[in-house]
């Protein structure tokens, strides 16, 4: 017992050191990720004349909150936010309407090609609109879908749907099939069982898929830049270019507007936090 004590202490010390190294690497990674956002907020509240005044600095000497007000009066931010909200909410609604029945079918029906379909869904996440933008533009032009928010919503959903289906399939598989069988014995139709019983139990997973669809559509840039030319249909991700002119760059307005543009996604994550934690772990224990 006494002979093993030094060895146990050495093992504990080694484990403690490894834990300390991993924690330090985690903190360092967190600082690297958070630092750009901190700098963005500093520039957003910095007076315009102070931005490039020597010596160059990041922490503002003064605070100018007009950077958050002037863009609303001098630029059509209301239009940009409205269009981004339409695209993002449309992507959530359409994406969930397609993903929920598809994931439920994959979770409950056993067939030979299910692994191949799951792999295909995973492979779709390796694609992006930027890779296929020329083909997408030609299709939009051929069918007269340029300057059409509904078409942009559909393409956004197409590129995000695979991830939503994969999440929801795992969530539905974690729900005992016996619950649906008992409802069927009581005379409930498959649709009523899905809506009244399965969806409430799958709420956390649906929240995760919905937030993912919302964030992807809210931040989408390449597709909107290519197929939306009407100023009245410009989303926020494209509208930020208004502050980046050929001869003048409104950095303080740009960073302030970018900070305001991040608020809807942040609010969505905060509001759905408890659902997100439960949804991300749903299906991990069966």
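For the chain, modelled as a GNM whose springs connect Cα atoms under 10 angstrom apart, the maximal fluctuation among 41, 24, 272 occurs at 24. Each pair of Cα atoms in segment 73-178 enters the Kirkwood radius, and Stokes-Einstein at 4 °C and 1.567 mPa s then converts it into a translational diffusion coefficient of 82 µm²/s.
What does a probe at residue 53 reach in segment 226-269, counting residues whose amide N is under 18 Å from the point 7 Å along Cα→Cβ? Counting only backbone N, you get 251-253. Structure remark: mean-square fluctuation, Gaussian network model of the chain, C-alpha springs under 10 Å; the largest value among 269, 191, 255 belongs to 191. Stretched out straight at 0.36 nm per residue, the stretch from residue 179 to residue 138 would grow longer than its current Cα-Cα span by 10.0 nm. Just checking my list (i) -0.80, -1.26, -1.44; (ii) -0.97, -1.48, -1.64; (iii) -1.04, -1.26, -1.33 against log10 I(q)/I(0) by the Debye sum over Cα atoms at q = 0.13, 0.16, 0.17 Å⁻¹ computed from this structure; which label fits? Checking each listed value against the structure points to (iii).
Gaussian network model of the chain, Cα springs within a sub-10 Å range: biggest mean-square fluctuation belongs to which of 175, 31, 263? So, out of 175, 31, 263, the one fluctuating most is 31. Mean projected area of the convex hull spanned by the Cα atoms of segment 1-141, taken over all viewing directions: 20.6 nm². Ellipticity at 222 nm from helices only: DSSP H runs of n ≥ 4 in the chain, each -39500 (n - 2.57), divided by the residue count, give -22000 deg cm²/dmol. Using 0.36 nm per residue and subtracting the Cα-Cα separation, the extra length available between residue 263 and residue 32 on full extension is 81.1 nm.
Every number in this text was worked out from the coordinates using simple rules, so none of it is lab data. This structure is a prediction, so every number in the text was calculated from the model and none was measured. Cβ atoms come from the backbone with ideal geometry, glycine included; neighbour counts cover every protein chain shown.
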